[in-house]
Amino acid sequence: MSGEVAEWAAMGGYAGWVWSAWGVTALCVGALTLLTLRRSAQARARLAAREAEAKQAAPPRRDAS
């Protein structure tokens, strides 16, 4: 059984290429996820600041009654 696992992990002699490709892919996906989350937080903060600014600049509403 352990020989089968070792043979599978060796990928027919291409293990270096296969596993490094998986590693690079995982690194890129992780980095893109972190960047997306960071930019989303920044965009939310900018939106909240703009909404607060607009709320202060807007004239008070009068009731239509």
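We did not get these values from a lab; they are worked out from the coordinates using the rules stated. No experiment lies behind these values; they were computed from the predicted model shown. We place every Cβ from the backbone using ideal geometry, glycine too, and count neighbours over all the protein chains shown.
Among the trypsin sites (Lys or Arg not before Pro) within the chain, those in coil by DSSP and having at most 10 neighbouring Cβ atoms inside 10 Å are Arg61, Arg62. Helix 15-57 and the longest principal axis of the C-alpha atoms of the chain enclose an angle of approximately 0°. Computed over the Cα atoms of the chain, the ratio of the radius of gyration to the Kirkwood radius (Rg/Rh) comes to 1.58. The chymotrypsin sites (Phe, Trp or Tyr not before Pro) of the chain that meet both conditions, a loop assignment by DSSP and at most 14 other Cβ atoms within 10 Å of the site Cβ, are Tyr14.
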